[in-house]
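Read through the structure below, which is laid out as structure tokens, and then see the notes.
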Amino acid sequence: MDGNYKFKEIHVVLKNGKQVAIRKTELADAAHLLQTIRSYLPQSSFIPKMEQELTMTISQAEEWISSFIEKENSLQLVAVYEDQIIGNIELTGSSRKVMAHSAMIGMGMIGGWRNSGLGTALIRAVIDWAQQSPVLELLWLQLYSENELALALYRKMGFVDAGLIKGFFKKDGRYSDCLTMTLMVK
């Protein structure tokens, strides 16, 4: 079953007055989405992936996008402004039967769009979709515990702390703690 069957494109006006479309990702977005991710990876200290680790080809990106289209408990969205992808969010549903009711959130956006309300709009879109899903009950995510902007956003959206792993991230010899947060949608 197509996991994206119920998501309808939405338009939101952000704090900066700009209107952004949030829609499901299409196979034709593969190259542009990769370009966007390559753009924001080096701009953020809080995405646990190094720029050089993003080696995905356009063909592999198409397969990645297809995985979200095909799974009933998964969703991938892009935020688009003036035909440019400025951010993305994924709900990656577990393929294991005993965890199929849960999905992990991953999100990123180009630096100039942070603190504009785009993160709130993207999170709201996946929560709303998950609440309508016949499968999903629990959303979860992990973040650097010192990422105060993200922490405030997730708490505002109803996520609660579920556990802390000390020293989980290590970059340039510096350790950071990983906070897991959850939200029950049913």
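Computed quantities for the displayed model
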quantity: From Ile89, Ile123, Ile65, Ile110, residue being among the β-branched types (Val, Ile, Thr), open to solvent by less than 20 Å² (accessible area, probe 1.4 Å) and in contact with a strand residue (DSSP E or B) (Cβ under 6 Å, 6 or more places away or on another chain); calculated: Ile89
quantity: Total residues in the range 140-177, condition free of Cβ contacts under 8 Å to residues at least 60 places away in the same chain and in contact with a helix residue (DSSP H, G or I) (Cβ under 6 Å, 6 or more places away or on another chain); calculated: 2
quantity: Conditions (1) assigned to a loop (DSSP other than H, G, I, E, B); (2) over 22 Å from Ser94 (Cα atoms); number of the one not met by Thr120; calculated: (1)
quantity: Every pair of residues 6+ apart whose Cβ atoms lie under 6 Å, when the first sits in the range 72-92 and is in contact (Cβ under 8 Å) with a residue 24 or more places away in the chain while the second is assigned to a strand (DSSP E or B) and among the acidic types (Asp, Glu); calculated: Gln76/Glu90
quantity: Residues of the range 132-186 classified as outside any strand (DSSP E or B), at pLDDT below 95 and open to solvent by 80 Å² or more (accessible area, probe 1.4 Å), total; calculated: 6
quantity: Number of positions in the range 121-146 that are out of contact with any Ser or Thr (no Cβ under 8 Å at 6 or more places or on another chain) and either small (Gly, Ala, Ser) or under 17 Å from Leu164 (Cα atoms) (or both); calculated: 5
quantity: Every residue from the range 100-140 that is of a type outside the set (A, V, I, L, M, F, W, C) and within 21 Å of Tyr81 (Cα to Cα); calculated: Gly106, Gly108, Gly111, Gly112, Arg114, Asn115, Ser116, Gly117, Gly119, Thr120, Arg124
quantity: Leading residue by the ranking (most open to solvent (accessible area, probe 1.4 Å)) among those in the range 4-32 that are of a type in the set (Asp, Glu) and in contact with a strand residue (DSSP E or B) (Cβ under 7 Å, 6 or more places away or on another chain); calculated: Glu9
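The values are calculated or read from the model by the stated rules, or taken from the named source; none is laboratory data. All figures in this text were calculated on a predicted structure; none of them were measured in a lab. Cβ: placed from backbone, ideal geometry, glycine included. Neighbour counts: every protein chain shown. We work out accessible area using only protein heavy atoms, side chains counted, and drop any ligands, DNA or RNA first. Shrake-Rupley method; radii C 1.70, N 1.55, O 1.52, S 1.80 Å.
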